[in-house]
Amino acid sequence: MVGPSRIWREAPSRYRFLGNRCTVCEEVYFPPRQICPKCRRASIGRMEPIQLSGNGEVVTYTVVYDPAVGHELLTPYILAIVKLDEGPRVTSQIVGAGLSEIMIGSRVKTVLRKLREEKGGGEDGGSGDGSGVITYGYKFVLDGQS
Amino acid sequence: MRKVCISGVGITKFGELWSRSYRELIVEAGLRALEDAELPGESIECLYMASMGPGMWVSQEHAGPMIAEQTGLTSIPVVRVESGCASGALALHQAFIDVASGKHDIVVVGGVEKMTDVGAKEAGSIINTMLDYEWESIFGATLPALYAMMARKHMHDYGTTREQMAEVAVKNHYNGSLNPIAHFGRKISVDQVLSSPLLADPLRMLDCAPMSDGSAALVLTSKGDVEIIACEMASSTLALHSREDITTMDCVVGSSKKAYKRAGINPSDVDIAELHDYCTIGEIIESEDLGFFEKGKGGKKVAEGVTSLNGSLPINTSGGLKSRGHPIGATGVAQVAEIYDQLIGRAGERQIELLDYGLCCGVGGSGGSAVVSIFRRR
């Protein structure tokens with residue numbers, strides 16, 4: 001069951017690519033971390049928010065034919081690990097591109113999309129609580145597309 | 001530390017066991033292990049049980065006391081252990097510490113999962129709880145999809161081929177065809193792997209482990225036929241994307257380095273190994289990260305037959321997760337049961353001759369945790 005607060009809490013990162021940076025070692029994190037795992041206590045109070053560009057490069061990818069629950073209507077979909085220009089890597093889908101257009105090294109940029117919807121009854125694999133909660137977040141398109 | 005040995009093992013049939021319940025399976029494996037060790041039930045001083053998610057698979061958390069009650073062991077400690085697909089391997093780690101410390105002399109390690117009481121969709125959701133829920137699952141990742149991304153990168157960086165990965169499944173099914181408890185007893189061909197349905201390109205259905213029911217158990221004592229000379233654990237980032245190198249399981253590198261050091265041996269001393277082939281690429285990556293083969297050469301070695309039953313380093317003689325089956329909590333324990341049978345020379349048609357050292361590698365999820373154990377015949 002995914003309640004609204006669980007989705008709402010992560011909105012700054014999922015909607016706007018807000019990360020943070022350890023000012024001790026300069027490592028950039030996405031999603032933001034409470035402490036820097038490298039500097040640990042030395043980083044307390046020294047983690048600064050940083051706005052990431054959402055631009056990056058495909059590290060690796062797959063085409064998913066056996067979907068995660070809630071993603072059935074999109075199947076087959078391209079799932080990729082993207083290295084953002086600021087350093088952190090993320091996992092999400094690449095949309096608006098043909099299955100053969102993606103390569104390791106392709107430049108991509110972020111778009112805001114609907115990720116999932118909690119439907120009722122459980123027949124769609126949703127939580128069955130009928131909450132209708134929609135999760136939005138980042139996906140990617142090939143650079144040069146909108 | 002005191003010596004820790006295995007003095008008996010027990011395992012149930014693995015597969016889609018519609019008539020068997022969660023509790024029946026682990027009781028059966030435990031009884032067999034005790035018979036094998038020739039010990040009475042009242043001699044057991046502590047029970048470690050691995051189960052990845054009984055609350056989700058059979059709506060039963062608090063499973064420790066249930067198992068203790070079923071076996072008349074309510075007066076001793078019962079500890080449930082979980083680390084995703086590495087749960088069984090981690091239960092061994094905890095029991096090893098227990099006996100090594102001298103706290104208990106006779107300890108049972110059991111592992112169990114009952115995965116076929118839920119529908120396919122629900123099963124997929126449960127498997128997905130081993131991923132990073134907030135930053136992988138929600139975005140459409142599945143465990144096979146993460147392994148597919150490792151496979152794609154390994155092919156890109158090292159020239160590993162689709163056929164080499166298929167050879168892992170072919171080898172493991174061959175081995176499984178000789179294992180009476182295996183989930184799948186049939187041999188398969190490279191062509192069959194390559195024409196099976198795509199799950200996540202480039203991985204296909206016959207690259208991936210099935211959902212199985214089953215249980216395995218071990219009896220650990222301070223003296224026995226097989227000594228556990230090292231049992232080490234390390235973890236890594238939960239999300240695959242946060243790892244420095246997508247094709248390296250840091251936790252396997254880390255736990256195996258510690259294990260070799262403690263055992264006082266090198267990777268080349270290992271004679272036989274059970275690895276975590278949740279997907280075919282997993283066995284290839286682990287065979288490199290354990291130091292058996294140079295990085296990038298794992299696929300080539302499988303295709304050359306080095307890891308086959310008659311090769312110089314047989315891997316997954318049991319059939320591995322792919323063919324023996326993968327009842328998650330039982331898997332790490334079943335790996336040890338196979339190495340035990342091999343080291344004492346009762347692995348039947350799968351028997352490998354002249355063995356000194358065996359190794360087990362259990363991996364959680366996409367490589368968020370790993371336990372590496374090394375065994376020696378006494």
Which shape class applies to segment B:129-186: rounded if a/c is under 1.5, otherwise prolate when a/b exceeds b/c and oblate if not, where a ≥ b ≥ c are the square roots of the Cα gyration tensor eigenvalues?
-> oblate
Spin-label pair A:Ala42/A:Ile134, simplified geometry with 7 Å Cα→Cβ offset, distance in nm | 4.6
B:Ala200's amide H: which non-local residues (gap 5+, or another chain) put their own amide H closer than 5 Å, with H modeled 1.01 Å from N in plane and none for Pro or chain starts?
-> A:Tyr65
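Within the set of other residues whose C-beta is less than 11 Å from the C-beta of B:Ala145, count the net charge using Lys and Arg as +1 and Asp and Glu as -1.
Working: positive: B:Arg152; negative: A:Asp66, B:Glu136, B:Asp201.
Here the count lands on -2.
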Three-way shape label, segment A:1-117, alpha-carbon gyration tensor, a/c 1.5 = oblate
Calculated FRET value between A:Thr75 and A:Cys25, using beta carbons and R₀ = 35 Å, to 0.05 = 0.30
Segments A:40-52, B:315-327 sorted - mean Cβ within 10 Å per residue, highest first = B:315-327, A:40-52
Under a point spin-label approximation (7 Å from Cα along Cα-to-Cβ), what is the A:Val95-B:Leu194 distance to one decimal in nm?
-> 3.6
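Once you keep just the Cα pairs under 8 angstrom separated by 6 or more residues, what percentage relative contact order results for segment A:53-142?
Details: 199 pairs, mean separation 26.2, N = 90.
Across segment A:53-142, relative contact order equals 29 percent.
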Estimated vicinal HN-Hα couplings, Hz - segment A:131-144 in sequence order (Karplus 6.51, -1.76, 1.60; Gly, Pro = x) = 5, x, 5, 9, 9, 9, x, 7, 10, 10, 10, 4, 4, x
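Only four residue types carry charge here, +1 at the Cβ of Lys and Arg and -1 at the Cβ of Asp and Glu. Report the dipole size of the protein assembly as shown about the Cα centre in Debye, rounded to the nearest 20. Before the final figure, lay out each step's value.
Numbers: 53 positive and 63 negative charges, 229 e Å.
With Lys and Arg at +1 and Asp and Glu at -1, about 1100 debye.
May I ask for the net charge around B:Ser59, where only other residues with Cβ less than 15 Å from the Cβ of B:Ser59 are counted and Lys, Arg are +1 while Asp, Glu are -1?
Details: positive: B:Arg23, B:Lys114; negative: B:Glu61, B:Glu113, B:Asp117, B:Glu122.
Here the charged neighbours net out to -2.
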Among B:Gly296, B:Ala234, B:Leu203, pick out the residue whose Cα is farthest towards the positive end of the charge dipole of segment B:195-304, where Lys and Arg carry +1 and Asp and Glu carry -1 on C-beta, about the Cα centre.
-> B:Ala234
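With a ≥ b ≥ c taken as the square roots of the eigenvalues of the C-alpha gyration tensor of segment B:249-378, please select rounded if a/c is under 1.5 and otherwise prolate if a/b is larger than b/c or oblate if it is not? Kindly include the intermediate steps, with their values, before the conclusion.
Numbers: a/c = 1.20, a/b = 1.16, b/c = 1.04.
Rounded, because the longest to shortest axis ratio a/c is under 1.5.
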Taking H placed 1.01 Å from N in the peptide plane, check which residues at least 5 places from A:Thr60 or on another chain put their amide H under 5 Å from its amide H.
-> A:Ile81
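Of B:Glu283, B:Glu134, B:Glu232, how do they rank once you tally other Cβ atoms within 10 Å and put the fewest first?
On the way: B:Glu283 28, B:Glu134 18, B:Glu232 21.
Taking fewest neighbouring Cβ atoms as first place, the list is B:Glu134, B:Glu232, B:Glu283.
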Go ahead and run the numbers for FRET between B:Tyr133 and B:Ser43, Cβ-Cβ distance against an R0 of 30 Å, rounding to 0.05.
-> 0.10
Tell me, what is the FRET efficiency for A:Gln34 and B:Ser101 to the nearest 0.05, using R0 = 45 angstrom and their Cβ-Cβ distance as r?
-> 0.85
List every DSSP H helix in chain B whose Cα atoms extend 18 Å or more along the helix's own long axis and whose mean Kyte-Doolittle hydropathy is at least -1.0.
-> B:22-37, B:87-101, B:143-158, B:250-263, B:328-343
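Under a Cβ-only charge scheme (Lys and Arg +1, Asp and Glu -1), can you give me the dipole magnitude of chain B about the Cα centre, in debye to the nearest 20? Working shown, then result.
Numbers: 34 positive and 47 negative charges, 84 e Å.
Dipole of chain B, to the nearest 20 debye: 400 debye.
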Starting from the amide H of B:Ala230, placed 1.01 Å from N in the peptide plane, find each other amide H under 5 Å away whose residue is 5 or more places distant or on another chain.
-> B:Ile374
Would you please state which residues of segment A:1-33 a label at B:Glu61 would reach in this model, taking the label point 7 Å out along Cα→Cβ and a backbone N cut-off of under 14 Å?
-> A:1
Hits among lysines - C-alpha to C-alpha of B:Lys3 under 23 Å, sequence gap 8 or more where chains match = B:Lys103, B:Lys223, B:Lys257, B:Lys258, B:Lys261
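Loop-only check: which GluC sites (Glu not before Pro) in segment A:1-48 are DSSP coil with at most 13 other Cβ within 10 angstrom?
Details: sites: A:Glu10, A:Glu26, A:Glu27; in loops: A:Glu10, A:Glu26, A:Glu27.
For GluC sites (Glu not before Pro) across segment A:1-48 that sit outside H, G, I, E and B with at most 13 neighbouring Cβ atoms in 10 Å, the list reads A:Glu26.
If you take every DSSP beta bridge whose two residues both sit in the protein assembly as shown, what share of them, in percent to the nearest 5, is antiparallel? List each step's numbers first, then the result.
Numbers: 74 of 90 bridges.
The antiparallel proportion sits near 80 percent.
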Cα-projected label distance for B:Arg186 with A:Ile50, points at 7 Å along beta-carbon direction, nm | 5.4
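We did not get these values from a lab; they are worked out from the coordinates using the rules stated. Just so it is clear, the model here is predicted, and its values are computed rather than measured. Every residue, glycine as well, gets a Cβ built from its backbone with ideal geometry; the counts of neighbours run over all protein chains shown.
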